[in-house]
Amino acid sequence: MTDYNESYSQYKEYFENALNAFLNKLKCRPEKLEESLKYSLQLGGKRLRPVLMLAVGELLGVEREKLTNFAVALELIHTYSLIHDDLPEMDNDDFRRGKPSNHKVFGTGHAVLAGDGLLNTAYSVLLDECFKGNEYISAAKYICECAGIKGMIAGQSADLIHENDEKVNEETLNFIYENKTAKLLMAAVVVPSILCGGKYYTELKAFGRELGFLFQLTDDILDVEGSFENLGKSVGKDADEGKYTGVRLYGLDASKIRADLLADRCEGLLEGFDGDTAFLTALVSRVRQRIQ
Ligand code: GRG
């Protein structure tokens, strides 16, 4: 197997080139709007969703070119959600990806507009894909559902509503985990399946869901144990703000055991796929350890 880091860098580089080409063509006025749209996208980030999409595409034999615009749209949606999440009225975070949050640079009003602009642009990219055929329409629709009112927005809404609840229950926690975090990861791994006639559709959906739960639980653990240097954002905020987290429900030690179980489940699902799943298996263990 090619070294994990090398493969991750290759997928990421392919995506960065595509994103840069897209951004070079993205022009709008006023200049401040264009700058605020591009600022957060160009701060970096792991590009986990595009990397996952490309890696699953390779496993299923889907050409990269077919996935590129879906990966760009998904990263635009992810970035919009981070901009809005950082706003004082939401998670109120002054830092993102190690740099000042969008609203700290451009002001709250423009951060709202930058998020709106990225979301609208993502939908425009997805609509362009729809002219290519039915499977493209289905893939675009899947991303919309994952990002929308039965997906990420529902998860964020529940997260806000249940902030400061005295008790945490598992059903609500699962709703938040599944919608706020897992849905965009599910979109990343299911789109390649849809584009090749639904191969491993159910299994990939399950894989994306488990990976999303693992991702969010390790995020909750890192909010207790991580550092600003490693994460590029403030830590210790969940407890300060009475957030609904896995650590609050299960406790820190049990959360770590649960995270191991979720990683095992992800790996178990990957074992059922034909082809070389070594990269995806290594990615699961990196998400568990939160490296890269
Ligand atoms: C505002 C509609 C709306 C939704 C916000 C993204 C989100 C939903 C909330 C962010 C809170 C949070 C910590 C979620 C955990 C999962 C997550 C999306 C983390 C950040 O994603 P990474 O680590 O970020 O992939 P990078 O910067 O690497 O792209």
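Fully extending the segment from THR202 to ASN17, taken as 0.36 nm per residue of separation minus the present Cα-Cα distance, adds 63.5 nm. Taken as entire DSSP H runs, the helices of the chain that both span 15 Å or more between Cα atoms along their own long axis and average -0.5 or more on the Kyte-Doolittle scale are 48-60, 64-86, 108-130, 134-147, 183-195, 201-225, 252-271, 278-289.
Element breakdown for segment 26-114 at a 1.4 angstrom probe: carbon and sulfur atoms account for 51% of the accessible area. Inter-label distance, SER138 to ILE161: 3.2 nm, where each label sits 7 Å from its Cα along the C-beta direction.
Each Cα pair under 8 Å and six or more residues apart adds its sequence gap; the mean of these over the residue count of the chain is a relative contact order of 19 percent. With both labels modelled 7 Å from their Cα along Cα-to-Cβ, the SER285 to ASN5 distance reads 1.5 nm. In a DSSP loop and with at most 12 other Cβ atoms within 10 Å, the GluC sites (Glu not before Pro) in segment 52-119 are GLU63, GLU89. Over all orientations, segment 153-267 has a Cα convex hull whose mean projected area works out to 7.7 square nanometres. For the residue pairs LYS104/LYS132; LYS66/LYS183; LYS12/LYS38, alpha carbon separations beyond 28 Å are given by LYS104/LYS132. In the context of the full set of protein chains, residues of the chain present 45 Å² of accessible surface per residue (probe radius 1.4 Å, heavy atoms only). For LYS25, the aspartates and glutamates whose Cα comes closer than 16 Å to its Cα, not counting residues fewer than 8 places off in the same chain, are GLU16, GLU34, GLU35, ASP128.
The order of the peptides 94-101, 197-204, 177-184 by mean Cβ neighbours within 10 Å, most packed first, is 177-184, 94-101, 197-204. From helices alone, the chain scores -23000 deg cm²/dmol at 222 nm; the rule is -39500 (n - 2.57) for each run of n ≥ 4 DSSP H residues, then divide by the residue total. Summarising the label geometry, the points placed 7 Å from Cα in the beta-carbon direction at GLU63 and ALA254 lie 5.2 nm from one another. Under 19 Å from a point 7 Å along the Cα-to-Cβ line of PHE228: which residues of segment 73-117 have their amide N that close? Counting backbone N atoms under 19 Å from the label point, the list is 86-88, 91-106. Expressed as a whole percent, the accessible surface of segment 126-228 that belongs to carbon and sulfur atoms is 54, based on a 1.4 Å probe.
The values are calculated or read from the model by the stated rules, or taken from the named source; none is laboratory data. Nothing here was measured: the structure is a model prediction, and the numbers come from that model. Note: ideal-geometry Cβ built from the backbone for every residue, glycine included; neighbour counts use all protein chains shown. Quick note on the areas: whole protein, heavy atoms, side chains included, nothing else; ligands and nucleic acids left out. Shrake-Rupley method; radii C 1.70, N 1.55, O 1.52, S 1.80 Å.
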